[in-house]
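Have a look at the structure below before the remarks.
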Amino acid sequence: MNYRSYGDLAQDIRGAAHKLRGDWDLVVGIPRSGMIPAFMIALMLNLDCVDLAAWVSNAPLKRGVTRNQRHRLTHPHEAQRVLLVDDSILSGRSLRRELEALPEPLRRRATTLAVYSSRLVRRDVDIVLCYLSHPRVFEWNVYHHPVVARACMSLEGVIAPVEDPLLAMGEAVPALLVPSETIRLLVSRRPESSRVSVERWLDAAGVKYASLAMLGDAVVDSHRPPALAQAKAGIYARSDARLYYEADDAQARLIVKQSNKPVFCVGTNEMLRPGFYYDPASNLWVRRVLNQYRKLWGR
């Protein structure tokens, strides 16, 4: 599972700045996720930025007073060279639909750009900044990506507060976040005796899930994070889930080590992969590098 954070996105755009050479007048973002790189690119090029609807409707441009744009426009239709930006392109159907819906005079002015492409070479977009193979997920859609339907997710720290007595009593305290997709398997550190109150809280919060695993009194009462992480890793390893969402960094690293499957650490916004982290106890990262050299030299 390839992953890019907001920081990665900014770095990837800066690293491909040479592909943005051109006398552009305006940057247009395709809502919603295309607006993030569109604003980054517009600020880097010192140009105005609008969304697709504002470009089509020719809504007056608004700007702050702290910087002077390279091209001082009052309305989007004054722009003759427009950079139309989306965050990624997979099949190309979404971009094609957006282009077909544009009035012909505007379509002729547009140069299309996708920051990430699943193919190295393609003809359905003018500029690609980076190649990123599928499957992939981004920080801005990691809770609303179809992978959620194939994921395990810790309840405490991701969906609900870690320690909240109101949750134990079944009160409708706000959720930390509510994924768009139905979660394959929710994992709670609470005992089986609290299942009814937890299910009631999840229903009130609007959280959709296929199943709920309660780790039980033995693990909860031990107050030992390694035991808790091992229990989570065991559930994850036995399932067909492709990703685990965990809030605690130390537990996330234990889960990826024990399960040998990827873990998204909510607390640090990192995608942890088996063998891609340094574990002093097992020297796992060093062993991986040595194995790569052995393969390279045929030893």
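Values in this text are rule-based calculations from the coordinates and carry no lab data. As the structure is a prediction and not an experimental result, all values here were calculated from the model. As a convention, Cβ positions derive from the backbone with ideal geometry for all residues, glycine included, and neighbour counts pool all protein chains shown.
A few remarks follow.
- Over 31 Å (Cα to Cα) - which of K208/K261; K19/K62; K62/K208 fall in this group: K62/K208
- Other-chain or far-sequence residues with amide H under 5 Å of L243's (modelled H): C152
- In plain terms, the bigger the Kirkwood radius, the slower the diffusion; for the stretch 87-185, with that radius from Cα pairs, at 20 °C and 1.002 mPa s, Stokes-Einstein puts D at 128 µm²/s.
- From phi via Karplus (6.51, -1.76, 1.60), per-residue ³J(HN,Hα) for the stretch 34-47 in Hz, x at Gly/Pro: x, 5, 5, x, 4, 5, 4, 5, 4, 5, 5, 8, 6, 10
- Using a simple spin-label model with pseudo-atoms 7 Å out from Cα toward Cβ, E100 and V173 lie 5.0 nm apart.
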